[in-house]
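Novice: Got a structure for you, questions after.
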Amino acid sequence: MTGTSGAVRVVLLEDDAPLRERFVGILSAWGGGELVAACATLEQALTALDQHPVDLLMADLNLPDGHGIEAIRRLRQRHPDADAMVISVLADDETVLAAIEAGAVGYLLKDADSIELVEAIEELRAGRSPISSSIARILVRRMNKPAEDPAGPALTPREMEILRGIAKGFTYTELAEWLNMSRQTVPVHIKNIYRKLAANNRSEAVYEASKRGLLRL
């Protein structure tokens, strides 16, 4: 759910002052967003997430008083329907996977320009997962590793089809059209997939499925 004006309510977390001001300018010029708070520290971001309704958290990770992943976890607790997008210079495997496991559904490197940033936000709010190409390579490498833990409840053939659609970034409507099924039944199948994979969102479901050898992207 967004604000009464329909604008996406955004909390920005970025400790670098010039870069933070650049992002503030981009968000202020974007008619689809409403900047709730521009935070320089993890503490400020946690306070903003506790005090304001939020639709989107845009978070840096390497902060002077902690790690941006903590803000993503707080977002999941306080605003489970909101989205988290990482904007960071950090692109090592462990950091990327930890951010996604915490609940990030988008991951951009800081070289994104204003057009790319706004497009990424709009894609994310449409149910897709915008990620930089180098981040995508990290995920593909990890998904192509042999499964470490194949145990767990088996997915039905229909659930496997939906899982593949989730991995491609399809929205509920696109999944329904692709599989020739009712739009209303898609969330039911996705809920079952999340339960069987012990996942809380799309990114976690794809990651868990790749670890179990269910997906080869």
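Novice: Do the sum for the chain: with -39,500 (n - 2.57) for every DSSP H run of n ≥ 4, divided by all residues, what is the mean residue ellipticity at 222 nm, to the nearest 500 deg cm²/dmol? Kindly include the intermediate steps, with their values, before the conclusion.
Specialist: Details: 10 runs with 108 residues, N = 217.
It comes out at -15000 deg cm²/dmol, rounded to the nearest 500.
Novice: Just add up the charged neighbours of ASN192: K/R +1, D/E -1, any other residue whose Cβ is under 10 Å from the Cβ of ASN192.
Specialist: On the way: positive: ARG158, LYS191, ARG195, LYS196; negative: GLU159.
Net of charged neighbours comes to +3.
Novice: Something else: Grab the beta carbon distance between ALA98 and MET181, set R0 = 30 Å, and tell me the FRET efficiency rounded to 0.05.
Specialist: Values: r = 34 Å, r/R0 = 1.15.
Using R0 = 30 Å, I get an efficiency of 0.30.
Novice: Report the charge-dipole magnitude of the chain in Debye, nearest 20, computed about the Cα centre from +1 at each Lys and Arg Cβ and -1 at each Asp and Glu Cβ. Mind showing how you got there, number by number?
Specialist: Details: 25 positive and 31 negative charges, 218 e Å.
Rounded to the nearest 20 debye, it is 1040 debye.
Novice: With every protein chain left in place and a probe of 1.4 Å, what is the accessible surface of ASP65, to the nearest 10 Å²?
Specialist: The accessible area of ASP65 comes to roughly 70 Å².
Novice: May I pose another question? Under Stokes-Einstein, with the Kirkwood radius over Cα pairs standing in for Rh, what whole-number D in µm²/s applies to the stretch 1-105 at 10 °C and 1.306 mPa s?
Specialist: Details: Rh = 13.5 Å.
It comes out at roughly 117 µm²/s.
Novice: Over what distance in Å are the Cα centres of the stretch 62-84 and the stretch 36-56 separated?
Specialist: 9
Novice: So for the stretch 15-118, taking the charge dipole from beta-carbon charges (+1 Lys/Arg, -1 Asp/Glu), which of PHE23, VAL96, LEU46 sits furthest toward the positive end?
Specialist: LEU46
Novice: Per 0.36 nm of contour for each residue apart, how much would the distance between ALA154 and ALA17 grow if the chain were fully extended, relative to their Cα-Cα spacing?
Specialist: Net length gain for the segment: 44.5 nm.
Novice: If I take every Cα pair under 8 Å that is 6 or more residues apart in the stretch 1-140, average their sequence separation and divide by the length, what percent do I get for the relative contact order? Walk me through the intermediate numbers first.
Specialist: Numbers: 241 pairs, mean separation 27.2, N = 140.
Once normalised by length, the contact order is 19 percent.
Novice: Size of the dipole of the stretch 41-137 about the Cα centre, Lys and Arg at +1 and Asp and Glu at -1 on the beta carbon, nothing else charged, in debye to 20? Mind showing how you got there, number by number?
Specialist: Details: 8 positive and 18 negative charges, 50 e Å.
Once rounded to the nearest 20, the dipole reads 240 debye.
Novice: Around LEU155, with a cut-off of 13 angstrom between Cβ atoms, what is the net charge of the other residues, counting Lys and Arg +1 and Asp and Glu -1?
Specialist: Working: positive: ARG158, ARG164, LYS191, ARG195, LYS196, ARG212; negative: GLU159, GLU161, GLU208.
Local net charge: +3.
Novice: Right, next: Using a 1.4 Å probe, how large is the accessible area of THR41, given in Å² and rounded to the nearest 10?
Specialist: 30
Novice: Okay, next question. Give me the accessible area per residue for the chain, probe 1.4 Å, as a whole number in Å².
Specialist: Details: 10500 Å² over 217 residues.
On a per-residue basis, 48 Å².
Novice: Please report the antiparallel percentage of the DSSP beta bridges confined to the chain, to the nearest 5. Could you put the intermediate results ahead of the total?
Specialist: Values: 2 of 21 bridges.
Just about 10 percent of them are antiparallel.
Novice: Using the Cα centre of the chain as origin and beta-carbon charges of +1 (Lys, Arg) and -1 (Asp, Glu), tell me which of MET181, VAL118, LEU57 is placed farthest towards the positive end of the dipole.
Specialist: MET181
The values are calculated or read from the model by the stated rules, or taken from the named source; none is laboratory data. As the structure is a prediction and not an experimental result, all values here were calculated from the model. Cβ coordinates were reconstructed from backbone atoms using ideal geometry, including for glycine residues, and neighbour counts include every protein chain displayed. With ligands, DNA and RNA removed, areas are computed over all heavy atoms of the protein, side chains included. Shrake-Rupley method; radii C 1.70, N 1.55, O 1.52, S 1.80 Å.
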